[in-house]
Each structure stands twice: as C-alpha cells, then as structure tokens.
Amino acid sequence: MAKRKPVQPASTSHTVPHNPSAGLLRRLGALLYDYLVVISLLIIAGFIGMGVAHLLLATGAATLPEGKDASWLLTSPIYSAWLAFIICGFYTWFWTRAGQTVGMRAWRLRIQNADGSNIRITQALIRLATAAFGLGNLMCLFNRKAPRAFQDIWSECEVVVLGKQENLEMLNK
C-alpha cells in the first residue's frame, strides 16, 4: 500500500484582516441614513406607480369601481408589492455588490462573510426577512465583545467597522 501524504494547511498569505464588529450605535446611524435614501426611492417609485395607474386608466386597460378615483389603487396588493420590491432591491443590490449601502459607507460599515467576501443574494434576502425593520440590531446589546444582530446570525455574515483607508478603497472599487 502506498503511503498517504499528510494534507498541508492552505497558505495563509491571503488572509483577510479581521475588523472589529459594528456596535449598535453605528448600525442605527447607518440605518437612519439608509431610511432617508429609501424614503426618497419610495417617493419616486410612488410617482412611477401612480403614473402607470393613470396611464392604464386613460387607455382603458384598467377600470375603477364606481365612485373611486386613482388614489384607490394605492390600496392594491400589487402597489404594495412594487414598493416592497424597491426596498428589497435597494438593500440586496448594495449588499451583494460592495457590502455597503450609502449609510454604511458614511459610517464605515461593511456586511461580509467571515472570509471577507460579499454576501450572496440569498443571504441578503434572509437578512431582510429577519431584520424586523432594524429591531434585530438590538441583539447587539447582549454581546458587547463581538456584537451580532439577529439578522447577522441567521444570514451567516457579519457587519464590521472599516478603517478610513479601507473605506476609501471600497468607494473607489
């Protein structure tokens, strides 16, 4: 029988520097910035949605019940799904591309996997589903040594604080 060679550990020359985990206040600051961006996107999406609704009514492709005007369409599940798509699309796009939203760049935060890579679309959707509109961040209060939010645990990723130079490099990518 041939002898098996022992498996050598992988080279550690490409290790990712470990940045500190983001605390609650930084997360909430970034969340506030992002809410302002999301609100502006929802206003634009609302105008687009109402424009499409008026176009459908004007062409006769859609009709309204007696005594209702176009604003009645705002109660439609399709309109709500459109706005939810905008919100999910915003976060998923930024998290999977660079690991940072606009607010996270301002607060030097990044969402990443343990190896430093960007998160996948499924991880982003899990984060959105488990974040509870930001309330999942309150779990950071229970472990101050390595704060992790509820959505970090479920999506198997981490939110880290970048150094100033690292944040600038992320911006230039």
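Assuming R0 = 25 Å, what is the FRET efficiency of residue 42 and residue 142, from their Cβ-Cβ distance, to the nearest 0.05? Show your work: numbers first, answer last.
On the way: r = 32 Å, r/R0 = 1.28.
Calculated value: 0.20.
Taking 0.36 nm per residue of sequence separation and subtracting the Cα-Cα distance, how much length would be gained by fully extending the chain between residue 52 and residue 156, in nm to one decimal? Can you show the working numbers first?
Values: separation 104, 0.36 × 104 = 37.44 nm, distance 3.90 nm.
Length gained between residue 52 and residue 156: 33.5 nm.
What's the long-distance tail for the chain, i.e. % of Cα pairs beyond 23 Å?
Roughly 52 percent, once rounded to a whole number.
Can you give the accessible area per residue of the chain, in Å², using a 1.4 Å probe?
Details: 11720 Å² over 173 residues.
In whole numbers, the chain has 68 Å² accessible per residue.
Under the rule a/c < 1.5 gives rounded, and otherwise a/b versus b/c splits prolate from oblate, where does region 107-173 land using the Cα gyration tensor?
Values: a/c = 2.04, a/b = 1.38, b/c = 1.48.
Oblate, because a/c is 1.5 or more while a/b does not exceed b/c.
Would you mind putting 88-99, 29-40, 147-158 in packing order, based on average other-beta-carbon counts within 10 Å, highest first?
Details: 88-99: 17.1, 29-40: 15.4, 147-158: 19.9.
Top to bottom by mean Cβ count within 10 Å: 147-158, 88-99, 29-40.
Quick one: check the C-alpha center-to-center distance for region 72-117 versus region 132-173, whole angstrom.
Centre-to-centre distance over Cα atoms comes out at 15 Å.
Between residue 80 and residue 28, what FRET efficiency comes out of the Förster formula 1/(1 + (r/R0)^6) with R0 = 41 Å and r the beta carbon distance, rounded to 0.05?
0.95
What net charge is computed for the residues neighbouring residue 144, neighbours being all others with C-beta under 14 Å from the C-beta of residue 144, Lys and Arg scored +1, Asp and Glu -1? All intermediate terms of the calculation are to be shown ahead of the outcome.
Numbers: positive: 26, 27, 145, 148; negative: none.
Around residue 144, the charge tally is +4.
When the accessible area of the chain is computed with all protein chains present and a 1.4 Å probe, what percentage of it is carbon and sulfur? The partial results should precede the final answer.
Numbers: 7980 of 11720 Å².
Result for the chain: 68 percent of the exposed heavy-atom area is carbon or sulfur.
The values are calculated or read from the model by the stated rules, or taken from the named source; none is laboratory data. Given the structure is predicted, the values throughout are model-derived calculations rather than measurements. As a convention, Cβ positions derive from the backbone with ideal geometry for all residues, glycine included, and neighbour counts pool all protein chains shown. Only protein heavy atoms, including side chains, enter the accessible area calculation; ligands, DNA and RNA are left aside. Shrake-Rupley method; radii C 1.70, N 1.55, O 1.52, S 1.80 Å.
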